[in-house]
Amino acid sequence: MISVQLILLIIFGLAAIWFGWRVFMTSSMVRSALSLLASMVAIGILFLVMEAEFLGVLQIMMMGTEMSIMAIFMMMYMMDPGGLGQMDMYHQKNISIAAGVIVTVFIVGAALAADWGTIATQFPGPHEQNRLLGMEILKRSMMIFETAGVTILTGMIASITVALSIKNSVEK
Amino acid sequence: MTPFLSGFMITLLFVGGVYFVAVLERCSMTGNVSWSGPARSFLLLFAQEEIKTRKHDKVFFETAPILFIGVILLTISILPFSRGSVVIDLGTGALFINAALVYIMVALLMAGWAVNGVYAMVGGWRALAQLIAYSMPVVMALTATVMRAESMFLTDIVESQQSLWNILYQPVGFILFYISALAIAFLPPFDLPVAEGELAGGVWADLTGARKLLFRLGRLALVLTLSVAVVVLYLGGWMGPWLPGFVWTFLKTLLVAASFFAVGHFIPRIRHDHLLEYNWKYGVPLALYNIFQVGVVLLL
């Protein structure tokens, strides 16, 4: 059955793959990072198309910040961030190709072999989804999320504590 | 009032509001009220020659202004102007505001990188530094408003303020969101990405004609959008006696927009590294306190 939803899924799925490919086909760090961002946004839109509103919006929000921060770190640490020297984004070509082919075959095989069950026709609305997600996080998956949450909070506090204060006055 | 008529009125008021913000912006910079000034600037940029810098990044150069104005239009579409007057009532509206506004920074970063100029690039990276500073307090302040409404629908958040506006219920959250809104719209005192005196316009230093026009218009719309967001989240949205809901929304919005420019007029610029330091050392703990306080009051 071909529906608008399916067509959008195919379009944004292909967009995600195309932008993922662009990540390696450019020699500029910033273009590479923002291509990855575009790929992630396409995946976020896939969630939205599949009516998982919270996950879609969360994915789009988180990736915007994360990929931009990645861009600035790549700018800081690479010797040719602008790609003027035509540097490559990939290394060890033969091993990469082999790894890529094997992983693709494995993923396609898993997707074809898996029992996906029946396609859901009834699903809760966005508000109910948010509530159910909250219930999941605070009931069955509480341990996992609390561990991750507290770890991140500790990391945040630790990094603030060790951050050097910047002195404005010139001291001699 | 029929939905069509109220929709028309809201569009008209929004366009008028953008013009009013342009007049306010001029007034905050020059001290003179000039009603024809923004129209003259508009015509100037509209007719200006498009100059492209050497070796510019074509894709980013064309995408950045459209992305900038696109995310602002998306944000406007989810904000409720009165009961029932919302284009898309999203079940994750409160989160969506933040998600869309992150891409303001992405657009600035792209524009800064695209023109192949030093001032623009420094401006773009400053926009990112500011985002790292304000992103945590703003999302935590939003969380506290969602906690009270027990829903991420923006209409529910307005309804939850029936008895007491959020500005009084969670003043710490309001202050954090208000300051962050100034930083999101890169208004003074946080106008470092486009610092006129120092980077000669920063991100939009090398942009001319239609692209600059899109950025300038986008920023004015952004200021108004953020003012509406402040009104919806903290100032009771459309609530008020006698007048129709959307009139109250716009009255409050224009007041908030005017206060943005007044604050910017009197406070000196805050450097991005200072903003990072203040926000992470004081802003984040305050935002956590705000969530705790709202939680305690809700449980009492």
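The values are calculated or read from the model by the stated rules, or taken from the named source; none is laboratory data. Keep in mind that what you see is a predicted model, and the values were worked out from it rather than measured. Heads up, the Cβs are rebuilt from the backbone with ideal geometry, glycines too, and the neighbour counts pull from every protein chain shown.
Worth pointing out:
- Of the residues making up region B:99-120, those that are crowded, with 23+ Cβ neighbours inside 10 Å, more than 8 Å from chain A (Cβ to nearest Cβ) and part of a helix (DSSP H, G or I) number 9.
- Scanning region A:30-50 for residues that are more than 10 Å from chain B (Cβ to nearest Cβ) and out of contact with any Gly (no Cβ under 6 Å at 6 or more places or on another chain) turns up A:SER32, A:LEU36, A:MET40, A:ALA42, A:ILE43, A:ILE45, A:LEU46, A:VAL49, A:MET50.
- The residue that is farthest from A:MET61 (Cα to Cα), counting only those in region B:78-98 that are within 14 Å of another protein chain (Cβ to nearest Cβ), in contact (Cβ under 8 Å) with a residue 60 or more places away in the chain and not small (Gly, Ala, Ser), is B:ASP89.
- Some residue of region B:241-253 being within 14 Å of another protein chain (Cβ to nearest Cβ) and aromatic (Phe, Trp, Tyr): no
- Residue count for region A:75-128, restricted to those that are modelled with pLDDT under 80, in a helix (DSSP H, G or I) and within 12 Å of chain B (Cβ to nearest Cβ): 2
- Hey, B:LEU298 touching a residue at least 24 places away in the same chain (Cβ under 8 Å) and surrounded by 19 or more Cβ atoms within 10 Å (Cβ to Cβ) or not: no
- Those residues of region B:37-83 which are surrounded by fewer than 19 Cβ atoms within 10 Å (Cβ to Cβ), within 23 Å of the chain's Cα centre (by Cα) and not in a helix (DSSP H, G or I), in sequence order: B:ARG83
- Flag: B:PRO193 matches the condition of being within 26 Å of B:CYS27 (Cβ to Cβ), touching a Gly at 6+ places or on another chain (Cβ under 7 Å) and within 14 Å of chain A (Cβ to nearest Cβ).
- Filtering region B:264-285 to residues that are surrounded by 16 or more Cβ atoms within 10 Å (Cβ to Cβ) and aliphatic (A, V, I, L, M) leaves B:ILE270, B:LEU275, B:LEU276, B:VAL284.
- Scanning region B:197-213 for residues that are more than 15 Å from B:ALA127 (Cβ to Cβ) and under 21 Å from the mean Cα position of the chain (by Cα) yields B:ARG211, B:LYS212, B:LEU213.
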